[in-house]
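Novice: Please find one structure pasted underneath; my questions will follow.
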Amino acid sequence: MLRRVYGVDLGTSSVKIYSLSKNKKYMQKNMVAIRNRRQVIAVGNDAYEMYEKTPRNIQVNCPIQNGKIANISVMEVGLYSLLKKIEPYTPFGAVMYFTVPVDATAIEKRAYFTVANGSMLQNNKVLMVESPIADALAMGISPQESKGSMIVNIGAQSTELSVIAGGKVIISKSLQLGGMKMDEGIISEIRKNYNLHLGRRTAHRLKTAVGRLNTQSKEARKVVGIDSVSGLPREETVSSVVVNEGISSCVDEIAKEIKTFLERTPPQIAYQIAQEGIYLTGGSTRLPFIESYLGNDTGYSFKLSGLYEQCTIQGLEKIIQDSGLQQWASPIRQRKL
């Protein structure tokens, strides 16, 4: 009764937290700025503002790589700082629901326990919810009643393809493709067409401003980058055609993987998916026309979730609030050596 309850979705781009006591969701960039590899000087949105603007002795990193915890100590600092902004720390600990990829190993799952019970955060009970299950609940899919539902979650650094049927995830695959890969595609195309090198933040802003995946839309934006020949700063007007070319190379790879994934799906379930359509969610699905672009490439219809990056945390909120959905949350304990 004295413990607080949180739902936590640790994404590569951002951390989403749901607080039961406040009945509110919070989102911050998943970045930590560290000086001289020891001193933490900024966390979350404050750290992101420093990204690509710091001297050599300050590193701004994300502790999540490809949807999984890569740096436990840095992730603990980030999570502790964000939880402290929501509510004061209590020695009674909390109940924390984490979303995890379906293909996470036992060691990778224990990393979540270590993050929630380290030097800063202690006495916390940790429960795991598979990400596709949380997405399904947020989009109104009943995992128990589903005869075959496919969910595609396109995140910042990874894309998770999952099929739910008969109350469980029967097949799943994680791809190292996402929003950051699209940004890299934009950087590559602009370097090739304009001899101009851009940073990731500038490429991301271009993607947001003029990325449409629609050849009929032609716009342009002025950007400042480094000339590849002279090495000096230069302003250039970049066409949306070039930006979309960089984005589409990544989306084409995702479409190809979806078709290969569906070929591995049992025929009866693939037929049900074709009838129902493929559910599309994740932060990188904010790109206009992405559902129609993927539909044209794969031949399947897509249903885009308007929750985007909030979809998974919305599913966690439903599980926390509804005792009838607790079956989807499984406890994890640190193994004694």
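The values are calculated or read from the model by the stated rules, or taken from the named source; none is laboratory data. Just so we're clear, the structure is a prediction, and the values are computed from it rather than from any experiment. All Cβ positions, even for glycine, are placed from backbone atoms using ideal geometry, and neighbour counts span all protein chains on display. Side chains included, ligands, DNA and RNA excluded: accessible areas come from the protein's heavy atoms. Shrake-Rupley method; radii C 1.70, N 1.55, O 1.52, S 1.80 Å.
Novice: Residue by residue through the range 44-59, note down the ones that are of a type outside the set (D, E) and in contact (Cβ under 8 Å) with a residue 24 or more places away in the chain. Full working, then the answer.
Specialist: Pass one, the range 44-59, residues of a type outside the set (D, E): 44-45, 47-48, 50-51, 53-59.
Answer for the range 44-59, where residues must be of a type outside the set (D, E) and in contact (Cβ under 8 Å) with a residue 24 or more places away in the chain: G44, Y51, I58, Q59.
Novice: Continuing with the same structure: Can you tell which of Y18, Y6 is touching a residue at least 24 places away in the same chain (Cβ under 8 Å) and in contact with an Asp or Glu (Cβ under 7 Å, 6 or more places away or on another chain)?
Specialist: Numbers: Y6 fails: in contact with an Asp or Glu (Cβ under 7 Å, 6 or more places away or on another chain).
Answer to the selection: Y18.
Novice: To continue, here is another question. Please count how many residues of the range 3-15 are more than 18 Å from N124 (Cα to Cα) and either assigned to a loop (DSSP other than H, G, I, E, B) or basic (K, R) (or both).
Specialist: Residues in the range 3-15 being more than 18 Å from N124 (Cα to Cα) and either assigned to a loop (DSSP other than H, G, I, E, B) or basic (K, R) (or both): 3 in total.
Novice: Quick check on my filter: what residues within the range 185-201 are over 12 Å from S239 (Cβ atoms) and either surrounded by 22 or more Cβ atoms within 10 Å (Cβ to Cβ) or in contact (Cβ under 8 Å) with a residue 24 or more places away in the chain (or both)?
Specialist: First pass over the range 185-201, keeping only residues over 12 Å from S239 (Cβ atoms): 185, 187-188, 191-192, 195-201.
Matches in the range 185-201: G185, I187, S188, R191, N195, L196, H197, L198, G199, R200, R201.
Novice: Do you know which residues across the range 318-333 are free of Cβ contacts under 8 Å to residues at least 60 places away in the same chain and either within 21 Å of V102 (Cβ to Cβ) or of a type in the set (K, R) (or both)?
Specialist: Of the residues in the range 318-333, the ones free of Cβ contacts under 8 Å to residues at least 60 places away in the same chain are 322-324, 326-327.
Within the range 318-333, Q326, Q327 qualify.
Novice: Right, here's the next one. For the range 194-201, check the following and say yes or no: at least one residue is in a helix (DSSP H, G or I) and either β-branched (V, I, T) or at positive phi (or both).
Specialist: no
Novice: I've got another one for you. What pairs can you find where one residue is in the range 147-175 and closer than 20 Å to G295 by Cβ and touching a residue at least 24 places away in the same chain (Cβ under 8 Å), the other is of a type in the set (K, R) and open to solvent by 30 Å² or more (accessible area, probe 1.4 Å), and their Cβ atoms are less than 7 Å apart, with a gap of 6+ or different chains?
Specialist: L161/K173
Novice: Out of T159, T114, T105, T90, which single residue is crowded, with 23+ Cβ neighbours inside 10 Å and hydroxyl-bearing (S, T, Y)? Lay out the reasoning, then the answer.
Specialist: On the way: T114 fails: crowded, with 23+ Cβ neighbours inside 10 Å; T105 fails: crowded, with 23+ Cβ neighbours inside 10 Å; T90 fails: crowded, with 23+ Cβ neighbours inside 10 Å.
Among T159, T114, T105, T90, only T159 is crowded, with 23+ Cβ neighbours inside 10 Å and hydroxyl-bearing (S, T, Y).
Novice: Pull up the range 128-150, narrow it to residues that are farther than 29 Å from N61 by Cβ and open to solvent by less than 10 Å² (accessible area, probe 1.4 Å), then point me to the one that is farthest from the chain's Cα centre (by Cα).
Specialist: So, considering only residues that are farther than 29 Å from N61 by Cβ and open to solvent by less than 10 Å² (accessible area, probe 1.4 Å), the one farthest from the chain's Cα centre (by Cα) is G148.
Novice: Would you check if K125 is modelled with pLDDT of 90 or more, of a type in the set (K, R), under 30 Å from A42 (Cβ atoms) and open to solvent by 30 Å² or more (accessible area, probe 1.4 Å)? Write out each step before concluding.
Specialist: Details: modelled with pLDDT of 90 or more: yes; of a type in the set (K, R): yes; under 30 Å from A42 (Cβ atoms): yes; open to solvent by 30 Å² or more (accessible area, probe 1.4 Å): yes.
Spelling it out, K125 is indeed modelled with pLDDT of 90 or more, of a type in the set (K, R), under 30 Å from A42 (Cβ atoms) and open to solvent by 30 Å² or more (accessible area, probe 1.4 Å).
Novice: Within the range 10-32, take every residue that is in contact with a Cys (Cβ under 9 Å, 6 or more places away or on another chain) and within 16 Å of I86 (Cα to Cα) and give me the one that is least open to solvent (accessible area, probe 1.4 Å).
Specialist: N30
Novice: Quick check on my filter: what residues within the range 33-47 are under 14 Å from K84 (Cβ atoms) and either among the hydroxyl-bearing types (S, T, Y) or buried (at least 21 other Cβ atoms within 10 Å of the Cβ) (or both)?
Specialist: Result: V43, G44.
Novice: Still on this structure: Can you tell me which residue within the range 65-75, out of those that are in contact (Cβ under 8 Å) with a residue 60 or more places away in the chain and not in a helix (DSSP H, G or I), is nearest to the chain's Cα centre (by Cα)?
Specialist: Looking only at the range 65-75, we keep the residues that are in contact (Cβ under 8 Å) with a residue 60 or more places away in the chain, and these are 65-67, 75.
From what is left, the residues that are not in a helix (DSSP H, G or I) are 65-67.
Working: Q65: 10, N66: 9, G67: 7 Å.
Step by step, filter the range 65-75, then rank; the result is G67.
Novice: Tell me, yes or no, whether the range 23-45 has at least one residue that is at pLDDT 90 or above, over 15 Å from the mean Cα position of the chain (by Cα), of a type outside the set (A, V, I, L, M) and assigned to a helix (DSSP H, G or I).
Specialist: yes
Novice: Given (1) open to solvent by 20 Å² or more (accessible area, probe 1.4 Å); (2) more than 17 Å from the chain's Cα centre (by Cα); (3) under 23 Å from K29 (Cα atoms); (4) in contact (Cβ under 8 Å) with a residue 12 or more places away in the chain, where does L82 come up short, assuming only one miss?
Specialist: (1)
Novice: In the range 76-86, is there at least one residue being in a helix (DSSP H, G or I) and touching a Leu at 6+ places or on another chain (Cβ under 6 Å)? So that I can check it myself, show each step before the final result.
Specialist: From the range 76-86, those in a helix (DSSP H, G or I) are 76-86; that's our starting set.
Narrowing the set further to residues that are touching a Leu at 6+ places or on another chain (Cβ under 6 Å) leaves 80.
Yes, that holds for at least one residue.
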